Amino acid sequence: MLYDRYSGKVYGRCISLLQDELMAQDAVQEVFIKILLNLSKYSERSRFSTWIYSITYNYCIDHIRRRKRRQKYISEDDVEGVDVAEEVEDSEILEIDIARLKTILEEIPPEDKAILLMKYQDEMSIKEMTEVLLKSESAIKMRLKRAKHKCKRIYDQRYLAMNHE
Amino acid sequence: MNNFQKLAEKQQLLDRKPPQHIKDRVNGTMGLIDLFGRFLELFVPRAMNVLTDMVNPDHVLKSRPAHFKGFVDKEPPKYPNRTIVTPTKPKLNHGNTKQFDDRKSE
């Protein structure tokens, strides 16, 4: 019953984060086994769906990190080192065309992608994100700010430059 | 619906069911875990008892007195008329001795 109810949503999140259907299928299996084994640890402080998404997101991000460690992609310093002096408005992100958005989401680091999906696709509140990612509110806000900034920067580099030409 | 949700809808990610075999795999794995749990529940306490008995023989009497009821608490039974017989060394090939002797006499 639990599987039938949540497997679709979990599978969707896994595909969008892992970008690979087979890996996403394995992830669904692992996530559901984790959920079933840890059911007793669920505290009713957060919604059940939030708890399930937290397991899903954390599994996927861990998986990507492990893969990244093997393949040596962008280092964490590159992600943390982004200058975020100016605030990027939500409207700027939400106005991006979906085809371009897809490309941008493929280019940004998985942690940033996850937080953007939580904010805009799942429409989670900051409080829910703190429960999912087990970070403080200020840390979540900072990560979100960085993620939006990265998104905007890639958009500007790729598409604004193209428009000027 | 914002552009993120439209993108997810376009990619059919909003509520896409995983293939049936994933459900079977989850059920199978949970079944195995359950079986393994039952096995541990059944055998670990017994194995622990056996190991503790091996390390500390007093544990046998302390942990399972019910097994020794009437044996530990009471005096051992006495048999005053019984004589203690010291076992003697058995004779080997007792049945065949005569046969060998017969052959010799022939």
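Here are some notes:
- Exclusive hit being surrounded by fewer than 19 Cβ atoms within 10 Å (Cβ to Cβ), more than 20 Å from A:GLN19 (Cα to Cα), modelled with pLDDT of 85 or more and of a type in the set (Gly, Ala, Ser), set A:SER91, A:SER138: A:SER138
- Among the residues of region A:107-165, those identified as of a type in the set (Gly, Ala, Ser) and more than 12 Å from the chain's Cα centre (by Cα) are A:SER125, A:SER136, A:SER138, A:ALA139, A:ALA161.
- The set of residues in region A:98-107 that are within 13 Å of another protein chain (Cβ to nearest Cβ) and either surrounded by fewer than 20 Cβ atoms within 10 Å (Cβ to Cβ) or not in a helix (DSSP H, G or I) (or both) comprises A:ILE98, A:ALA99, A:ARG100, A:LYS102, A:THR103, A:GLU106.
- Complete set of residues in region B:1-32 that are more than 7 Å from chain A (Cβ to nearest Cβ) and within 44 Å of the chain's Cα centre (by Cα): B:GLN20, B:HIS21, B:ASP24, B:ASN27, B:GLY28, B:GLY31, B:LEU32
- Filter pass, B:PHE39 being at pLDDT below 70, surrounded by 10 or more Cβ atoms within 10 Å (Cβ to Cβ) and of a type in the set (Phe, Trp, Tyr): no
- Region A:18-28, residues that are buried (at least 20 other Cβ atoms within 10 Å of the Cβ) and either at the interface with chain B (Cβ under 10 Å from one of its Cβ atoms) or in contact with a Pro (Cβ under 6 Å, 6 or more places away or on another chain) (or both): A:ALA24, A:ALA27, A:VAL28
- If the condition is being of a type outside the set (A, V, I, L, M), over 14 Å from the mean Cα position of the chain (by Cα), part of a helix (DSSP H, G or I) and under 15 Å from B:ARG16 (Cβ atoms), then region A:12-31 contributes A:GLU21, A:GLN25.
Okay, residues lined up against (1) within 22 Å of A:GLU123 (Cβ to Cβ); (2) at pLDDT 85 or above; (3) of a type in the set (Gly, Ala, Ser); (4) in contact with a Cys (Cβ under 7 Å, 6 or more places away or on another chain):
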{"position": "A:SER16", "(1), (2), (3), (4)": "yes, no, yes, no"}
{"position": "A:VAL28", "(1), (2), (3), (4)": "no, yes, no, yes"}
{"position": "A:VAL31", "(1), (2), (3), (4)": "yes, yes, no, no"}
{"position": "A:ARG47", "(1), (2), (3), (4)": "yes, no, no, no"}
{"position": "A:ARG70", "(1), (2), (3), (4)": "no, no, no, no"}
{"position": "A:VAL84", "(1), (2), (3), (4)": "no, no, no, no"}
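- Test: A:ILE140 is touching a Cys at 6+ places or on another chain (Cβ under 6 Å) and either at negative phi or not in a helix (DSSP H, G or I) (or both): no
- Counting the residues of region A:1-17 that are more than 9 Å from chain B (Cβ to nearest Cβ), crowded, with 18+ Cβ neighbours inside 10 Å and aliphatic (A, V, I, L, M) gives 1.
The values are calculated or read from the model by the stated rules, or taken from the named source; none is laboratory data. Keep in mind it's a predicted model, so treat the numbers as computed, not measured. When we count neighbours, we look across all protein chains shown, and the Cβ atoms used for this are built from the backbone with ideal geometry, even at glycine.
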